[in-house]
Amino acid sequence: MAISSRQKAGWSALNVLVILWALFPVWWIVALSFKAPADIGTDGGSPWPTDWTLQNYAAIFTTTDFIRALVNSIGIAAIATAIAVVLATMAAYAITRLRFPGKRALIGLSLLIAMFPQISLVSPLFDIERGIGIFDTWIGLIVPYTTFSLPLAIYILSAFFREIPWELEKAAKMDGATPFQAFRRVIAPLAAPAIVTTAILVFIFCWNDFLFAISLTSTPRARTAPAAIAFFTGSSQFEQPIGSIAAAAVVITIPIVIFVLFFQRRIISGLTSGAVKG
Amino acid sequence: MSPGPEVRDVTRDAASAGAPPSSPDVTEGSTDPLQRRRSDAARAERRLGWALCAPAVIVMLAVTAYPIGYAVYLSLRRSDLRFPDAARFIGLDNYVTVLTSAYWWDALAVTALITIASVAIELVLGMTLALVMHRTIWGRGTVRTAILVPYGLVTVVAAFSWEYAWTPDIGYLAALLPAGSAPLTETWQAIGLIILAEVWKTTPFMALLLLAGLALVPEELLQAAKIDGASAWKRFTKVTLPLMMPAVLVALLFRTLDAFRVFDSIYIMTGGSQGTGSVSILGYNNLFTALNLGVGSAISVLVFICAAIIAFSFIKLFGTAAPGSALDGGN
């Protein structure tokens, strides 16, 4: 089938349309973050700042609150990701490689949690965490993040693990390795790409959370960046500091854009693995 | 994390069980010790399986099952954070309060509307997008990278972008509207815009799942149908769609339950005012604005029951096509 230039132009137009639709709202908030406060509200929402300025960025980085929130976000998401990936790797290995009763129940349980409405946990967790003194701490957020990441991580890792050439494991066992050694020395390195993919997706998930972040914190001590942005205050109670919010929003978008640019293929294979192999 | 000593013993057993049958106690013609060894190995495998899964299971149960049980307990008590001394068992009173309140039913209706509308639009739009990406002659990688940005974007950021876009004087979209209109302050318009924000953010996920499903449809089958004279639409509905049904169902189930817990977009865009609050917003407000732990917990339990009903009907409806069956039977 020959490709006519008209067909090519048609596809190009369609592609450009999709890209614009996906990226324009993101670009617009970037533009907003570089506008001078005086221009916000008078330039008719122009997608190009009249005067480029770093004023909004200077504003968020001169107070400690946003920096603190960034540190919290990075620390909490990184720790929760590490724990979730370790636990999920062990479970996914067992699910794909070992025969044991209760496997179905485990898959059912993790699916149930993947679909769990987080709001159902907010009120009990709020009370429990205050009771045991982890309310408004890093641990208080790491615990629910790990839990809600586990199903996703187990799901993706199991799907990937099924593609690994397990004969190598058998060969290692023949050479006298115990199943645990075979797992650690042979399979774990092979599984590394799957684990990286899972870690990225879990990190994005933790980085994104808002409901737990505003419910289980009450001060900047453990408040993550999305929650901190929502609580930015303007010069008066009824005025939102739009420029600062836009600048902070752009800052927390940077890691996501980096992940997407460098791991596009991995993220897509992670997201779609398992979902289509029936 | 290192396994306990018990696990190490087990793995050692498993190793010796897998040893070559040249060991002295295996005699020719006697299958009995061999069988015993096989069952030893099976038991070792079972115990290793449990040991590897235990940490994940314990965490998941401790952080969901226990709190949901605790939520049930709290929901049966009067538990107002402003009057901690007045806490006592009051039976189903909190549920009566919630279920006889117009707020609950309004919030449930709004949530149902947002869920159904956004998932339906996403399915159509996501399928279109998937077909575009599947069939496009060039630039597929660029398109895929571009649509991953909305997917990965922090929901709060996306919601702010949409909120400001529709704010008079500030936004590019508000500039297109007749002067004096403030769509986010009108109930129906605001709900429409919340749906739009949700659709923009989550269609990429749907599209990627569907694209993966499309890749499973054999090209020869479509060619054969074409030769037999089937129109493009017929080929899509009679060949492509049935073959990618599992992918569609998985995408639908995940997105429906995800849409049902909508919170971030509403919280940022309208704060739930003008009757735009979802059940999640209602639960949050009862806990943190009204400081009523009892009523808040009753709402938590009711939302949980709703989600369970949705999940259950999906699984009942689709049976083996439900997700999870794919992961089973790895051996």
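Read the figures in this text as sums done on the coordinates, not as results from a lab. Since this is a predicted model, take the numbers as computed values, not measurements. Here Cβ is always computed from backbone atoms with ideal geometry, including for glycine, and neighbour counts include all displayed protein chains.
Of note:
- Options A:A177, A:A38, A:C206, ranked by Cα towards positive dipole end of the protein assembly as shown, top entry (Cβ charges): A:A177
- A compact globular protein would have a Cα radius of gyration near 2.2 N^0.38 Å; the ratio found for the stretch A:1-112 is 1.87.
- Cα extents for the stretch B:43-111 along the principal axes, largest to smallest and rounded to whole angstrom: 56, 35, 19.
- Proportion of all alpha-carbon pairs of the stretch A:171-245 beyond 14 Å (%): 73 percent
- Residue among B:V239, B:V199, B:V262 with the largest mean-square fluctuation in a Gaussian network model of chain B, springs linking Cα atoms under 10 Å: B:V239
- For the stretch B:28-172, fraction of C-alpha pairs farther apart than 18 Å, in %: 82 percent
- Ratio of the Cα radius of gyration of the stretch A:142-184 to 2.2 N^0.38 Å, where N counts its residues: 1.58
- Charge dipole magnitude, Cβ of K and R +1, D and E -1 - the stretch B:188-331, Cα centre, debye nearest 20: 240 debye
- Across chain B, the mean sequence separation of Cα contacts (distance under 8 Å, 6 or more residues apart), normalised by length, yields a relative contact order of 24 percent.
- Charge tally around A:L271: other residues with Cβ under 12 Å, Lys/Arg +1 each, Asp/Glu -1 each, net +3.
- When its C-alpha radius of gyration is set against 2.2 N^0.38 Å (N residues), the stretch B:175-216 gives a value of 1.74.
- Scanning chain B for long hydrophobic helices, with DSSP H runs required to stretch 24 angstrom or more by C-alpha along their axis and to average at least 1.6 on the Kyte-Doolittle scale, returns B:293-318.
- Reduced Cα scattering model of the protein assembly as shown, Debye log10 I(q)/I(0), q = 0.07 Å⁻¹: -0.49
- Peptide B:299-310 - average C-beta neighbours from other chains (10 Å radius): 4
- Relative contact order %, chain A, counting alpha carbon pairs below 8 Å whose residues are six or more apart: 29 percent
- The mean number of Cβ atoms from other chains found within 10 Å of a Cβ in peptide A:151-160 is 2, as a whole number.
- Across the alpha-carbon set of chain B, the Rg to Rh ratio works out to 1.11, Rh being the Kirkwood radius.
- In angstrom, the C-alpha Rg and Dmax of chain A are 23.2, 75.
- Neighbouring partner chain Cβ atoms per residue of A:101-110, average, 10 Å criterion: 5
- For B:Y284, net neighbour charge (Lys/Arg +1, Asp/Glu -1) across residues whose Cβ lies under 12 Å away: 0
- Binning the alpha carbon pair distances of the stretch A:120-278 at 5 angstrom intervals from zero yields the distribution 1, 8, 13, 13, 14, 13, 13, 10, 6, 4, 2, 1, 1, 0, 0, expressed in whole percent.
- Calculated [222 nm] ellipticity per residue, helices only, for the protein assembly as shown: -22500 deg cm²/dmol; basis is -39500 (n - 2.57) per DSSP H run with n ≥ 4, divided by all residues, nearest 500.
- Computed magnitude of the charge dipole of the protein assembly as shown (debye, nearest 20; Cβ of K, R +1, Cβ of D, E -1): 1500 debye
- Per the Cα gyration tensor, the stretch B:148-289 maps to an equivalent ellipsoid with semi-axes of 39, 19, 13 Å, ordered largest to smallest.
- Gaussian network model of chain B, Cα within-10 Å springs - most flexible of B:G141, B:G49, B:G275: B:G49
- Max mean-square fluctuation residue, GNM over chain B, Cα-Cα springs under 10 Å, options B:L131, B:L221, B:L193: B:L221
- Mean Kyte hydropathy of 0.5 or more with a Cα span along the axis of at least 27 Å, helices from DSSP in chain A: A:5-33, A:64-97, A:138-161, A:188-208, A:242-272
- At q = 0.20, 0.21, 0.25 Å⁻¹, base-10 log of I(q)/I(0) for the stretch B:119-216 (Debye sum, equal scatterers on each alpha carbon): -0.97, -1.02, -1.20
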